[in-house]
Every structure is written in structure tokens, then in C-alpha cells.
Amino acid sequence: MELKRVGLDLAKNVFQVHGVDGQEEVRCRRQLRRSELLKFFADRAPCLIGMEACAGAHYWARELTQLGHTVKLMAPQLVKPYIKRQKNDANDAEGICEAVGRPNMRFVPVKTVAQQEVQTAHRIRSELIRQRTAKANQIRGLLAEFGVVVERRIEVLRRALPQLLEEDAGNGLREPTRRLLEGLRGDLVQLDERVGALDAEIKRVAKEDAACVRLQTIPGIGPLTASALVSAVGDGRQFKNGRQLAAWAGLVPKQDSSGGKPRLLGISKHGDSYLRTLLIHGARAVQRACGAKPDARSRWLRELGTRRHRNIAAVALANRNARIAWVLLTRDQTYQAPA
């Protein structure tokens with residue numbers, strides 16, 4: 001049986017396959033166990049395989065590509081319109097098979113193992129920071145129950161805890177409470193150490209990768225943002241221009257236009273929210289440091305912040321940095337400040 005195009009619905013153990021031939025006739029519609037998947041495609045002539053970009057998709061895309069097949073990943077929300085009637089694995093695979101053959105479909109580049117390793121470090125770091133914030137809020141809330149109030153900033157809490165937990169602190173905390181809070185302080189210290197270790201690992205990767213080094217020449221992009229950007233978009237050649245990269249990151253206005261009347265809202269917030277957050281935070285750092293600098297970039301940022309809100313100016317700078325990053329990634333250049 002010769003297949004021209006295959007839709008593959010991924011799962012943990014049971015995969016659904018829907019294949020058509022050159023005349024768009026259905027030639028294959030079956031389920032495969034996880035252990036049978038690679039053998040099934042190894043016995044087939046090279047064809048086009050479509051999958052949704054979900055958990056495990058990049059791994060299977062690399063494995064199937066090694067067998068000689070052409071694999072394309074699609075965002076699930078773009079596949080949804082092609083799914084008929086009821087939601088089940090067979091209909092999902094049929095919809096994927098139909099969507100991958102559309103000439104105007106947008107695809108997700110397959111990530112390398114190195115890209116996924118860096119993204120894993122970023123995801124773990126982000127989750128640890130969330131846990132650390134929750135732990136600090138828990139400590140502050142418990143202290144408030146005993147009449148001890150500490151400021152919101154986590155560095156203030158780190159400095160205040162050793163003094164508050166001393167026997168002669170005079171804050172009324174009894175020994176059982178001090179022991180419990182000391183355990184929570186140990187958890188906070190452990191989370192700080194793990195975040196610090198991941199920061200060091202990410203900085204090492206950003207220092208060794210040539211693309212990350214080039215991106216770090218842009219004001220407002222440091223090791224974290226550079227490594228996150230490279231791990232998410234690779235060389236950036238899947239975007240036609242820098243504006244597409246900025247739009248993918250959700251840094252352009254969302255449209256609500258109709259009847260020939262354009263109406264622009266706030267930023268769309270599409271794409272990778274973690275990457276967008278890093279870009280905006282980097283822009284805020286540049287905004288705070290621009291002061292009275294005479295260069296063109298600082299003057300533009302100050303004038304925009306005067307005319308509009310500072311947050312709008314920060315997002316505008318993040319948008320510009322994303323566009324510049326696309327140029328540096330696709331053309332192997334370093335950043336040159338405007339004259």
C-alpha cells in the first residue's frame with residue numbers, strides 16, 4: 001500500500017493513523033501501539049506525515065525523519081477546523097491528514113535535542129521560581145498570624161528571617177513556631193540554590209552558543225532571553241520577516257476590524273508567554289537605564305514614554321528587539337547601534 005499523505009494522532013500508547021494515496025482515496029485507517037509505530041512507517045515508502053505540535057511530537061518527528069519521511073507539525077488550533085463532527089482519535093487523524101495538505105497551512109519547525117534540553121532548563125527554572133514565590137508568600141502569611149509583618153520583596157524576607165527566628169528577637173514567637181518556620185526557611189534556601197544552579201547552566205549554554213552570543217549584543221537581551229529565544233525559534237528562518245516573529249511572540253496589537261474600519265487593541269499575547277515576559281522585562285531594564293543618554297535609541301524610548309504610557313514604550317522596545325533578533329539569527333550578524 002503506497003501512501004502519499006498521513007495524518008498521525010499522537011498519544012501515550014495508542015496512535016491513530018489515517019493515510020491517503022495520490023488520488024486522495026483513503027488507504028489506511030488503523031490504530032498502532034507505541035511499539036508498532038516505527039516498524040509500520042519503516043516498511044512504507046517515504047511520504048508526508050502530519051502531526052499536531054503536542055507532547056512528544058518533536059521526538060517522533062525526529063525519529064520518522066530518520067526513516068526518510070517528511071514530517072510537518074501544526075498548531076492544534078489550526079487543525080481544529082478540519083475535524084468533522086464528533087471528537088475521537090479517528091476523526092482527529094483524518095483532520096490532521098487534511099490539514100497538512102493545505103497550501104496555506106503554517107507549520108511548527110521540528111526542534112533539535114539541544115533546543116529541547118535548553119527549553120527544559122527554562123521550564124524547570126520557571127516552575128522553581130513559582131514555587132519559591134509561593135513559599136515566600138506562605139512564610140509571610142504565617143508570620144502575619146503572629147503579628148510579624150515583613151515587606152513583600154523576597155530579598156527583604158531573606159534578610160529578615162534569621163533575625164526573626166532568633167531566641168531573643170522579642171517578637172513573641174514560641175519555640176514550636178520557630179522550628180516550623182526554620183523548616184520553611186530551609187525550603188526557601190534550597191529553592192534559591194536550585195534556581196542559581198539552573199541560572200549558571202543557562203549562562204554557560206548562552207556563552208558557548210554562537211547565536212546566543214550574537215543576540216546578547218542587543219540592549220535588553222541577556223543570557224536568559226537569548227537562550228530562550230534560540231531554543232524556541234532556532235535560526236528563525238520559519239518567519240518571513242521580523243514582524244512575524246514579533247507577532248508570534250504576541251508583541252503586536254490585536255485587531256478587531258470590520259467593514260474597512262481598522263481597530264487595534266492591546267497586544268495579542270499569542271505565542272510563548274515565557275519568552276514574551278523575558279523580552280518585556282529586558283526592555284524595562286533598558287528603559288530604566290536610558291536616563292539622559294544621547295544615543296538615538298534612548299532618545300526614541302524617552303520620547304515614546306513621554307507621549308504614551310511607560311508600559312507601552314516597554315512593549316514597543318520589546319517588539320523592536322524581537323525584530324532585531326530575527327535579523328541577527330537569519331543573517332548571522334551582530335547588533336550595531338543606530339547612528
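The values are calculated or read from the model by the stated rules, or taken from the named source; none is laboratory data. Fair warning: this is a prediction, and the values are worked out from it, not measured in the lab. Neighbour counts are summed over all protein chains in view; Cβ atoms, including those assigned to glycine, are modelled from backbone coordinates with ideal geometry.
Assess whether residue 265 counts as being surrounded by fewer than 13 Cβ atoms within 10 Å (Cβ to Cβ) and either at pLDDT below 95 or in a helix (DSSP H, G or I) (or both). Steps first, please.
On the way: surrounded by fewer than 13 Cβ atoms within 10 Å (Cβ to Cβ): yes; either at pLDDT below 95 or in a helix (DSSP H, G or I) (or both): yes.
Yes: the conditions hold for residue 265.
Among the candidates 293, 254, 240, which residue alone is in a loop (DSSP other than H, G, I, E, B), among the basic types (Lys, Arg) and over 21 Å from residue 110 (Cα atoms)? Talk me through it step by step, then tell me what you get.
Details: 254 fails: in a loop (DSSP other than H, G, I, E, B); 240 fails: over 21 Å from residue 110 (Cα atoms).
One residue alone meets the criteria, 293.
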May I ask you to say which residue of 320, 288 is surrounded by 17 or more Cβ atoms within 10 Å (Cβ to Cβ) and within 27 Å of residue 122 (Cβ to Cβ)?
-> 320
Residue in region 101-135 that is nearest to residue 173 (Cα to Cα), counting only those that are more than 19 Å from the chain's Cα centre (by Cα), modelled with pLDDT under 95 and surrounded by 15 or more Cβ atoms within 10 Å (Cβ to Cβ) = 105
Does region 136-161 hold any residues that are surrounded by 14 or more Cβ atoms within 10 Å (Cβ to Cβ), free of Cβ contacts under 8 Å to residues at least 24 places away in the same chain and not aliphatic (A, V, I, L, M), and which are they?
-> 140
Conditions (1) in contact with a Phe, Trp or Tyr (Cβ under 8 Å, 6 or more places away or on another chain); (2) assigned to a loop (DSSP other than H, G, I, E, B): number failed by residue 228 | (2)
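Of all residues in region 78-94, how many are charged (D, E, K, R), without any contact (Cβ under 8 Å) to a residue 24 or more places away in the chain and crowded, with 16+ Cβ neighbours inside 10 Å?
So the first thing to find is which residues in region 78-94 are charged (D, E, K, R), and the list is 80, 84-85, 87, 89, 92, 94.
After this cut, where a residue has to be without any contact (Cβ under 8 Å) to a residue 24 or more places away in the chain as well, the list is 80, 84-85, 87.
Next, only the ones that are crowded, with 16+ Cβ neighbours inside 10 Å stay: none.
The total comes to 0.
Could you check region 31-87 and list, in sequence order, the residues that are hydrophobic (A, V, I, L, M, F, W, C) and assigned to a loop (DSSP other than H, G, I, E, B)? Talk me through it step by step, then tell me what you get.
Residues of region 31-87 hydrophobic (A, V, I, L, M, F, W, C): 32, 37-38, 40-42, 45, 47-49, 51, 53-55, 57, 60-61, 64, 67, 71, 73-75, 78-79, 83.
Across region 31-87, the qualifying residues are 45, 47, 53, 54, 55, 67, 75, 83.
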